[in-house]
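The values are calculated or read from the model by the stated rules, or taken from the named source; none is laboratory data. Since this is a predicted model, take the numbers as computed values, not measurements. Note that each Cβ is placed from the backbone with ideal geometry, even for glycine, and that neighbours are counted across all protein chains shown. Just so you know, the surface numbers come from the protein's heavy atoms only, side chains and all, with ligands and any DNA or RNA stripped out. Shrake-Rupley method; radii C 1.70, N 1.55, O 1.52, S 1.80 Å.
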Amino acid sequence: MAIGTTVIIIIIILGFRFFKIPVERLLIFVYVLQNLVKMFQSVNFSATQINYFQGSLNSIKELLRVEDKPYLQNGNVLFPGLKHSIRFVSVNFSYNSGSCILSNINLTINQGKMTALVGTSGAGKSTLASLIPRFYDPLEGQILVDDVDLRKFEITSLRRKIAIVSQDTFIFNTSVRNNIAYGLENVEESTIYRAAQQSNALEFILDLPESFDTQLGDRGVKLSGGQRQRVAIARALLRDPEILILDEATSALDSVSERLIQESLEKLSVNRTVIAIAHRLSTIIRADKVIVLEKGCIIEQGSYQELLEQKGKLWQYHQVQFNGSAIPNSDL
Ligand code: ADP
C-alpha cells in the first residue's frame, strides 16, 4: 500500500509539473487506478480461496471418480417373485481387504420354507444373507433365483420383495407412524395400526405420550432394544415381503420382550421364505433346513433333527444351550 501511494503521488507530481496535465484529469486517473487495484485485489483473493479449497476439492473429485471402483451392475429384468428356490452355486466372497470370507458355498433356500444360518461370531452368516438383496455380489460363483442369475434382476424390484429385520434397527427422528410406514407411500392408518398390533408393538405405542404421533429419535422418546425390534417387525409386516431375512438380536432382552418378539416373528414368517440368522437355537428348532457355517465354509446342512443325530457342530451348540456345557469361542 505504501509503494502504491508513493507511486500515485509521484505520478501526480510528474503529470502536473512536467507534462502539464490538469489536476482534475489526474484525479480522475487516480480514481480509476484505485478501482482497478480493488478489482485486482478481489481476483487475487479468489485465487487464494481456490488454493485454500483445493484440498477439499480433490477429496470431492476422488469421491465422484467412477473408474476403478466396484459398482453393482443393475439388471433389467423385473423381479417377478420367488417361485421355487434361491441357489448358491460355488459362491466365493471377500470384502476389499482380500481375505476369503465365504468359500465354496453351495446351498438351496426353498420357497416358503425357513432356512437357518448357524455358526460362531464372524463365521460369515450376515455376509451370506447380505448377498441375497445384493448388498454385495459374489466374487466367484452364482446365486440363482429360479435358475436366473440374481444379477439379471433390477435391484429395486428385487429389494421390494425382501425385508430385513436386523439387530440394529434405525429409528428416524420422526413420529412412530412415519417410522413404521417408512419407505411406503399412502399407507392407511388402519394398516399401520394392524401392523403394530401384529408385531406386539401396539401396547407400548399407545403408552407413549402422543401414541402414534410421538416423535422418536434424537429429541424424542428413546426406545428399548426390544421396542425398536418390534417397530422393525411392524415395518417388515407392512411391506408384506416374499423373502424375509431375520438377523436375530443377541443382546440380552428381558424374557417378556423376547417372548413378544418371538411371537411376532412367527406371525411375520407365515407363508414367507425366511432366512434366519440364529443366535438362540430355540428359535430355529422348527426350521426346515439348518446351515452350519464355520470360517466361511458350510460344515453341516440338513434338518435340525438330522444334524443332531450326526452329533456334529450343531449337536455341540445344542448341548451348550440346552444342557449348559461350555464350548469356547462360541456366541451361540
Ligand atoms: P457373522 O454374521 O457370522 O458374525 P459376518 O458375516 O458379520 O459374520 O462377518 C464375517 C467376516 O467378515 C468377519 O471376519 C468380519 O470381520 C468380516 N466383515 C464383515 N463385514 C465386513 C465389511 N463390511 N468389511 C470388511 N469385513 C467385514
Inset, instruction - Provide a single number: the residues in the range 168-205 that are over 21 Å from the mean Cα position of the chain (by Cα) and loosely packed, with under 12 Cβ neighbours inside 10 Å. - result: 5
Inset, instruction - Please list, ordered by first then second residue, the pairs with beta carbon atoms under 6 Å, 6 or more apart or interchain, first in the range 86-113 and closer than 16 Å to K295 by Cα and among the aromatic types (F, W, Y), second open to solvent by less than 70 Å² (accessible area, probe 1.4 Å) and within 16 Å of the ligand (Cβ to nearest atom). - result: F93/I101; F93/L102; F93/P138
Inset, instruction - Check off (1) free of Cβ contacts under 8 Å to residues at least 12 places away in the same chain; (2) under 30 Å from S157 (Cβ atoms); (3) in contact with a helix residue (DSSP H, G or I) (Cβ under 8 Å, 6 or more places away or on another chain) for I21 and give me the number that stays unchecked. - result: (2)
Inset, instruction - Would you kindly identify the strands (runs of 3 or more DSSP E) lying entirely within the range 88-166 that contain at least 2 residues that are within 13 Å of the ligand (Cβ to nearest atom) and crowded, with 21+ Cβ neighbours inside 10 Å? - result: 100-110, 114-119
Inset, instruction - Test S59 against the criterion of being without any contact (Cβ under 8 Å) to a residue 24 or more places away in the chain and not hydrophobic (A, V, I, L, M, F, W, C), and give yes or no. - result: yes
Legend entry - Selected residue (criterion: farthest from C297 (Cα to Cα)) from residues of the range 58-87 that are away from the ligand (no atom under 16 Å from the Cβ) and of a type in the set (A, V, I, L, M): I60
Inset, instruction - Name the single residue, out of those in the range 206-243 being in a helix (DSSP H, G or I) and more than 21 Å from the chain's Cα centre (by Cα), that is surrounded by the most Cβ atoms within 10 Å (Cβ to Cβ). - result: F212
Legend entry - Scope the range 225-269; condition in contact with a strand residue (DSSP E or B) (Cβ under 8 Å, 6 or more places away or on another chain) and at pLDDT below 80; matching residues: E248, L265, L268, S269
